[in-house]
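Here's the structure we're looking at; comments come further down.
The values are calculated or read from the model by the stated rules, or taken from the named source; none is laboratory data. Since the model is a prediction, treat every value here as computed from it, not as a measurement. Cβ coordinates were reconstructed from backbone atoms using ideal geometry, including for glycine residues, and neighbour counts include every protein chain displayed.
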Amino acid sequence: MKALRSLEIKKIKLLLILMFSVGYSCLIFSKAFASPPPCKPWQILVKQHHVNEHNRDLTTHVNAYNKDSYCRAKFHNSDFWGPKLFLKKSEWKKHELLTVLELLASLPSYLEIEINSFRRQSKSEIDKNPASSNLSDKSITLYDLFFNEKLTPQKLILAHELGHFLFIKLSPDEQQEFVVAAGWRLGNLNLATRKIELIRPAKLLKEDSALEPEEDFANHLEIYYSNPLLIKKHNTNAYNFFIKRFLK
Ligand SMILES: [Zn+2]
């Protein structure tokens, strides 16, 4: 009888240990799955919090609830730009990435253009150049000068670079419309290249606008973005071209 009782006590003990260990592992398991997903470097974690009952709009009433932790984009649009910026983060300092992300987030939606990657190099081959674009591999490279630039605001430099990509996104008809509006004229046929040469506008927006219509477009876009009235003063036709398509 005594032996039977001690056997029963052993059984109960074993059962209690089993119940405790199963319960504990369930707790760990549920905690692991209740934790928020790890946030990306361009996101921030919003911790679990209580939401009071409220009216979402005139017709929708929302009862109070506990909202789980979640990851939110650090800046407007950073879910769009972040993956492209953080792609090659070894070349970057983290604060530089966040600066660029913040700047990109402040740009208008017409400059949300698919760019494969943003690169970081110390110096451009061209003197005093803060940034450059490579249309063939769809990349933008930013140099030390971009981060030390005092004269041109950084977001205008970015708007300019993205302007190059925006130009090649335009249809041939739209490109031609810009070229005419900006004051470019048809010249003679170049027998070597078999192309009709373009004569640059008499009044240039910037000195390097003379290089080609694409550079001229990027310059126009940069100034249109910063101060549209300057474009209007410079050339009403070009202003009308931009205002028709790219509203902030
Ligand atoms: Zn340019």
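Looking only at the stretch 210-224, how many residues end up being buried (at least 19 other Cβ atoms within 10 Å of the Cβ) and over 15 Å from residue 165 (Cα atoms)?
Qualifying residue count, the stretch 210-224: 2.
Every residue in the stretch 180-213 that is under 13 Å from residue 238 (Cβ atoms) and within 16 Å of the ligand (Cβ to nearest atom), please.
Quick first cut of the stretch 180-213, residues under 13 Å from residue 238 (Cβ atoms) only: 180-184, 201, 203-206, 209, 213.
If the condition is that a residue be under 13 Å from residue 238 (Cβ atoms) and within 16 Å of the ligand (Cβ to nearest atom), then 182, 204, 205, 206, 209, 213 are the ones that fit.
Test residue 168 against the criterion of being within 16 Å of the ligand (Cβ to nearest atom), closer than 14 Å to residue 99 by Cβ and in a helix (DSSP H, G or I), and give yes or no. Give the steps one after another, and end with the answer.
On the way: within 16 Å of the ligand (Cβ to nearest atom): yes; closer than 14 Å to residue 99 by Cβ: no; in a helix (DSSP H, G or I): yes.
In short, no.
Can you tell me which of 142, 158, 191, 162 is without any contact (Cβ under 8 Å) to a residue 40 or more places away in the chain and assigned by TED's automatic domain parsing to the domain that holds residue 87?
Just a single option satisfies the conditions, and that option is 191.
Given (1) surrounded by fewer than 18 Cβ atoms within 10 Å (Cβ to Cβ); (2) under 23 Å from the mean Cα position of the chain (by Cα); (3) on the phi < 0 side of the Ramachandran plot, where does residue 197 come up short, assuming only one miss?
(2)
For the stretch 145-161, enumerate the residues that are within 12 Å of the ligand (Cβ to nearest atom) and of a type in the set (D, E, K, R).
Passing the criteria: only 161.
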